[in-house]
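Everything on this sheet refers to the single structure shown next.
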């Protein structure tokens, strides 16, 4: 997974072609940490089809809010720089993240 | 039989981990199944000041990390799986997860509780968009913004104090004119200059396009309605909800005896209506839902499971 920050988000996510997934997380978010291994496994499964990135929202608060992300964990799917789908909080589970990807990528 | 355990514990919060510790120390083959984050609700709590021996500066995650290490050192296994069905009626119980199937001589239900929703229009749609039930997860987004905390119990007031480290102003919205929180917690709140209190007030609706932009309050005494809008420069504000808990017992509905709210009824030995099945922690009917009482439940359940196995499975 590619770690992005407020400087690289524009290029790696908003100007990227095709599918990009963003895992919004931060250090205080224990549910985010518990979810990360699942996302890494999903990333391996969709290698070549979806670019997996993660953004630590600490230090990128304004960027996250501009993406209408004000709660963690949030997993968003972008296509050609536009957010097309998202799961957050209790819906951010392995099964629901995979279902979201399957719905758009196939 | 494949995957036959002496004890399968469903849920990895303080109740489940304590049961795991006692079961493993009794040399029972023990498995804890946790679907998401080990530790349950306590790992999203920034401070645990009331667990005996946990001061100073104990956090939920640090306490749980020590519990987990201790439990594993005695040989209990932990697996990550989401349980989707259980058959508790046979002598050997069957627990079906998304990842695998587990068999057990005894089962300890320690699935816990989840934060209750306000139940007003707009709330669910704006979760993660300004509505939150987890201050440690989301406080950071509200740095220098305004925040409302709904509720008047320990969690509400504790988290309101925590949120003052981030937000420029925190307003506690409570439906009564007196807080329920412990006096020591109230004192901290009352002397914090960033905290204001809005008494006799309930949230009627939360509004916003993509993010929270306004909230509608109702005064329970006068019936007066008042809509609060986000400061124009801010564009949004936070609403943190701590109005109680709901049991996480859907899996067991119709299978085990529950009260009207859905909490599992046990006796003082943590036994439920099915032999060989026990419940521990927040999921059971009890008067105080805390780490310390969950840990006590877990210990009792594990020891009772050991006795049950000795009695039922020894030839």
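Each value in this text was obtained by applying a stated rule to the coordinates, not by laboratory testing. These numbers were taken from a predicted model, which means no experiment stands behind them. Cβ coordinates were reconstructed from backbone atoms using ideal geometry, including for glycine residues, and neighbour counts include every protein chain displayed.
Quick rundown of the values:
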item	result
Chain A: antiparallel DSSP beta bridges as a percent of all, rounded to 5	55
Relative contact order, percent, chain B [alpha-carbon distance under 8 Å, six or more residues apart]	21
Among beta bridges that DSSP assigns inside the protein assembly as shown, antiparallel share in %, nearest 5	45
Per residue convex hull volume, Cα atoms of chain B, in Å³	141
Shielding by partners, peptide A:24-31 (average Cβ within 10 angstrom, other chains)	6
For B:222, B:143, order by how many other beta-carbon atoms lie within 10 Å, fewest first	B:222, B:143
Cα centroid separation - the stretch B:255-315 against the stretch B:97-115, whole Å	13
Cα centroid of the stretch B:2-69 to Cα centroid of the stretch A:1-62, whole Å	29
Theoretical ellipticity at 222 nm over chain B - DSSP helices of four or more residues, -39500 (n - 2.57) apiece, nearest 500	-7000 deg cm²/dmol
Footprinting exposure proxy for A:65, B:172, B:108 (fewest neighbouring C-beta atoms within 10 Å first)	A:65, B:172, B:108
Interatomic Cα distance distribution for the protein assembly as shown, bins of 10 angstrom, percent	5, 21, 28, 25, 16, 5, 0, 0
Where N is the number of residues in chain A, Cα Rg divided by 2.2 N^0.38 Å	0.95
Average Cα contact separation per residue, the stretch B:124-241, under 8 Å, 6 or more apart, as relative contact order %	30
Residue order, fewest to most surrounding Cβ atoms within 10 angstrom, among B:285, B:8, B:33	B:285, B:33, B:8
In nm, spacing of pseudo-spin labels at residue B:72 and residue A:1 (7 Å Cα→C-beta vector)	1.9
On Cα atoms only, tilt of B:60-73 relative to the major axis of chain B in degrees	10
